[in-house]
Protein chains: 2
Amino acid sequence: MNHRDNAAALDRDDPLGPLREQFALNDGVIYLDGNSLGVPPKAAASRAAAIIAGEWGDGLIRSWNTAGWFAWPKRLGNKLAPLIGAAEDEVVVTDTISINLFKVLSAALRVANERDPKRRVIVSERSNFPTDLYIAQGLIEQLDRGYELRLVDHASELTGAIDENTALGMITHVNYRTGAMHDMAALTRIIHEKGALAVWDLAHSAGAVPVDLNGANADYAVGCTYKYLNGGPGSPAFIWVPKHLQGAFSQPLSGWWGHKKPFDMVPEYRPDDGIGRFLCGTQPIISMGLVECGLDVFGQTSVAALRRKSLALSDLFIDLVETRCREFPLQLVTPRAHTERGSQASFEHPHGYEVMQALIARNVIGDYREPRILRFGFTPLYTRYVDVWDAVEILRDVLETEAWRAPEYAERGAVT
Amino acid sequence: MNHRDNAAALDRDDPLGPLREQFALNDGVIYLDGNSLGVPPKAAASRAAAIIAGEWGDGLIRSWNTAGWFAWPKRLGNKLAPLIGAAEDEVVVTDTISINLFKVLSAALRVANERDPKRRVIVSERSNFPTDLYIAQGLIEQLDRGYELRLVDHASELTGAIDENTALGMITHVNYRTGAMHDMAALTRIIHEKGALAVWDLAHSAGAVPVDLNGANADYAVGCTYKYLNGGPGSPAFIWVPKHLQGAFSQPLSGWWGHKKPFDMVPEYRPDDGIGRFLCGTQPIISMGLVECGLDVFGQTSVAALRRKSLALSDLFIDLVETRCREFPLQLVTPRAHTERGSQASFEHPHGYEVMQALIARNVIGDYREPRILRFGFTPLYTRYVDVWDAVEILRDVLETEAWRAPEYAERGAVT
């Protein structure tokens, strides 16, 4: 397919097409960065107004009970659960992914060492999102009991690196740079066969690809709500612990929201029996409330339908880039096989940074990741086939005219 | 003073009176619970709308740079700093008070043990807010290196409990139940004389009473923004570390926001040189943005002026309760001396819970704390002298008519 009309025809036939209307996305913007920050659901503005004026302003302190604020982490966790193959009361929405990973690693190391005290190694990939590695490093240094973070350079080395000293495999399901996706069930099986536990980071998976945590027999998971789930900038993250592991050990961030009876105000910590023990302190209610607006859109479709469109969008994008831009030095770094990739397509270009700035200046918003990576995320809830066509045409123009060589595109700012 | 007219006269002469106009407080509500959840500044609704539509919706991912989101924890920290006697770049607004306390205790124990490895005791009060004790317990259990939490029953025993084995005094400046306030400078001096470090919790102090952390030579502090600072339900907390201690040790919640160069995306954690190392993960931007609306009101007055009115309001309240309600079994548990109390007045009543429910049903909103405590907070930004008069008259009516005996007031729900 090489014509915009074909793309427009795909949009007309797209059963997910009408969902785009539920998002506040400006005309003329081609947004291929929903893998970094999702677009606001239109409902978010009115929901924020209602929380501020009604629940906070009118209800005041009473809203902790009357609006159910105190129960939101569990209520939203249950609403998110079907997207990741979790059961009721196995998920809470709370804190940040970094903090939730600290909780999970702390608990998981205790469980692993209870089974076998000599297991002191956390295995992960050097290409994992840095905060995951940093949190493991911080925990290991704090524990100061001979734990070690063992990093492999390639996903293919993971299996070999997991051995009789491994306590945990700490695996990010979809790589943030390349979009490469692990086979969760297969890798969990291997980790278990080696006697270790599998901790999964779903930052680039939840709402983007089918995830079946219980089906894969995973042990712990964390993820975020501000990417594909459209919860808003920095919206609270989530944590999943299956029923059979919830009672095993508590976690050290034992704040009052994780207490079995927080309002008894007793001086001794007693963890909640269930997933509640993974809560800690008082949550940012307004940011948390907006997570529900994103989840409500997911309630109108299925992960399978989203996945079909996501693959179709990214297949189209890859095909168009490789045909329409074939004379330029763009190298696909995302696996081609559907089973091996998430919902993004990443290309290397020797001047990736400048090319991305030039694209953004033309309202094609992807992002850049070191080194040299142009990253494009495909969010089937609000991305059209014509957006893909137009984005590639603009990319071709930027490359053909060498617009990216303009000096302003070389300036480096902080990017996320 | 026994007449409402006198109270009204005080309001007419009140230089802080006009600030009430900046808060969205419903007519007819007497809100004496700003020590638990502050009232929304009127600016909060429009600020939320602007963040959602403009920064999130229009700016999308670019707003991390163009709206400065990534810098908000430090920017808001600097705006908050004058309220607590902190210098520039010593405060960040981030995460929750429980999590910030975990960071601070972790760093402080390292500093204390670097000086003297045998110091393994954290001294605190049994009446401290439970989450502080829970977090210390969680950390001690995790470290598993012979640390101990030593709790005293009365504030007067603190000095005696701090000895040559004490690493830290973990002190909440103003007690959440009684409103009793410590002399921060004097107690810090004693803690230092015993060779320990002083960690302060300012949950009920920031924006309520004068605090001079640097003047008191304190070592670490945490606090929250959703009480007297009116940041919104569960709005992000803050953390203060003085310049000379920032480089001493990092903290174990070493997420990417605390990295010296987060966007280099390198696999090794290197902490930021300054207060930034006390950050961890991506923050809830909408909830955080509203913190500024509260801080902006404080920029229009002074802590000294707020303190004068706070004491006048609470003196009036105590005086009226003790004269107008003298035949009822109400016992003041808040110290009378100005130097020894925060911005609340707490009374014990044998049926405190029921009495508070009856008051709330009549739109006098304070709160209840176990056991038997009626808690009334005085927030001089939006509380009037006539509110104090009216509140006491309604309390007298509830007691005189025994309205609190109605069965519906005995039902226990979760309260915060």
Going through (1) surrounded by fewer than 23 Cβ atoms within 10 Å (Cβ to Cβ); (2) under 27 Å from A:Gly77 (Cα atoms); (3) without any contact (Cβ under 8 Å) to a residue 60 or more places away in the chain one by one, A:Asn214 fails only at (3)
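What do you reckon, is A:Ala7 surrounded by 15 or more Cβ atoms within 10 Å (Cβ to Cβ) and away from chain B (no Cβ under 14 Å)? Can you show your working first?
Details: surrounded by 15 or more Cβ atoms within 10 Å (Cβ to Cβ): yes; away from chain B (no Cβ under 14 Å): yes.
For A:Ala7, the condition - surrounded by 15 or more Cβ atoms within 10 Å (Cβ to Cβ) and away from chain B (no Cβ under 14 Å) - is met.
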Six or more apart or on different chains, Cβ atoms under 7 Å: show the pairs whose first residue is in region B:116-139 and within 18 Å of A:Cys280 (Cβ to Cβ) and whose second is outside any loop (DSSP other than H, G, I, E, B) and among the aromatic types (Phe, Trp, Tyr).
B:Pro130/A:Trp256; B:Thr131/A:Trp256; B:Tyr134/A:Trp256; B:Ile135/B:Phe102; B:Leu139/B:Phe102
It is to be established whether one or more residues within region B:92-105 are under 23 Å from B:Ala185 (Cβ atoms), within 9 Å of chain A (Cβ to nearest Cβ), at pLDDT 95 or above and touching an Asp or Glu at 6+ places or on another chain (Cβ under 8 Å).
yes
Residue that is free of Cβ contacts under 8 Å to residues at least 40 places away in the same chain and touching a helix residue (DSSP H, G or I) at 6+ places or on another chain (Cβ under 8 Å), where the choices are A:Asp390, A:Asp367, A:Asp397
A:Asp397
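Go through region B:71-82 and count every residue that is within 24 Å of A:Ala49 (Cα to Cα) and either among the polar types (S, T, N, Q) or facing chain A (nearest Cβ under 7 Å) (or both). Outline the logic, then answer.
So in region B:71-82, the residues within 24 Å of A:Ala49 (Cα to Cα) come out as B:72-73, B:76.
Next cut, either among the polar types (S, T, N, Q) or facing chain A (nearest Cβ under 7 Å) (or both) only: none.
Matching residues across region B:71-82 total 0.
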In region B:228-262, which residue that is in contact with a strand residue (DSSP E or B) (Cβ under 6 Å, 6 or more places away or on another chain) and of a type in the set (S, T, N, Q) is modelled with the lowest pLDDT?
B:Ser250
Taking B:Gly294 as meeting all but one of (1) under 29 Å from B:Arg384 (Cβ atoms); (2) over 19 Å from the mean Cα position of the chain (by Cα); (3) crowded, with 24+ Cβ neighbours inside 10 Å, write down the number of the exception.
(2)
Which one of these is among the small types (Gly, Ala, Ser), closer than 17 Å to A:Leu83 by Cα, more than 18 Å from the chain's Cα centre (by Cα) and modelled with pLDDT of 95 or more: A:Gly215, A:Gly195, A:Gly223?
A:Gly215
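Here's the yes/no breakdown for (1) surrounded by 17 or more Cβ atoms within 10 Å (Cβ to Cβ); (2) touching a residue at least 24 places away in the same chain (Cβ under 8 Å); (3) more than 10 Å from chain B (Cβ to nearest Cβ):
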{"position": "A:Gly195", "(1), (2), (3)": "no, yes, yes"}
{"position": "A:Asp219", "(1), (2), (3)": "yes, yes, yes"}
{"position": "A:Lys227", "(1), (2), (3)": "yes, yes, yes"}
{"position": "A:Pro233", "(1), (2), (3)": "yes, yes, no"}
{"position": "A:Pro236", "(1), (2), (3)": "yes, yes, no"}
{"position": "A:Pro252", "(1), (2), (3)": "yes, yes, no"}
{"position": "A:Pro262", "(1), (2), (3)": "yes, no, no"}
{"position": "A:Tyr269", "(1), (2), (3)": "yes, no, no"}
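Considering only residues that are within 7 Å of chain A (Cβ to nearest Cβ) and out of contact with any Ser or Thr (no Cβ under 7 Å at 6 or more places or on another chain), which ones fall in region B:51-61? Talk me through it step by step, then tell me what you get.
Residues of region B:51-61 that are within 7 Å of chain A (Cβ to nearest Cβ), as a first pass: B:52-53, B:56-58, B:60-61.
Once the filter is applied, which keeps residues that are within 7 Å of chain A (Cβ to nearest Cβ) and out of contact with any Ser or Thr (no Cβ under 7 Å at 6 or more places or on another chain), region B:51-61 yields B:Ile52, B:Ala53, B:Gly57, B:Asp58, B:Leu60.
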Hits in region B:27-50 - residues which are among the aliphatic types (A, V, I, L, M) and more than 8 Å from chain A (Cβ to nearest Cβ)
B:Ile30, B:Leu32, B:Ala43, B:Ala50
Just to be sure I understand, how many residues within region A:274-291 are of a type in the set (S, T, N, Q) and surrounded by fewer than 20 Cβ atoms within 10 Å (Cβ to Cβ)?
0
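The values are calculated or read from the model by the stated rules, or taken from the named source; none is laboratory data. On a predicted model such as this, the values are computed, not experimentally measured, just so you know. Because the Cβ atoms are built from the backbone with ideal geometry, glycine has one as well, and the counts that use them run over all protein chains shown.
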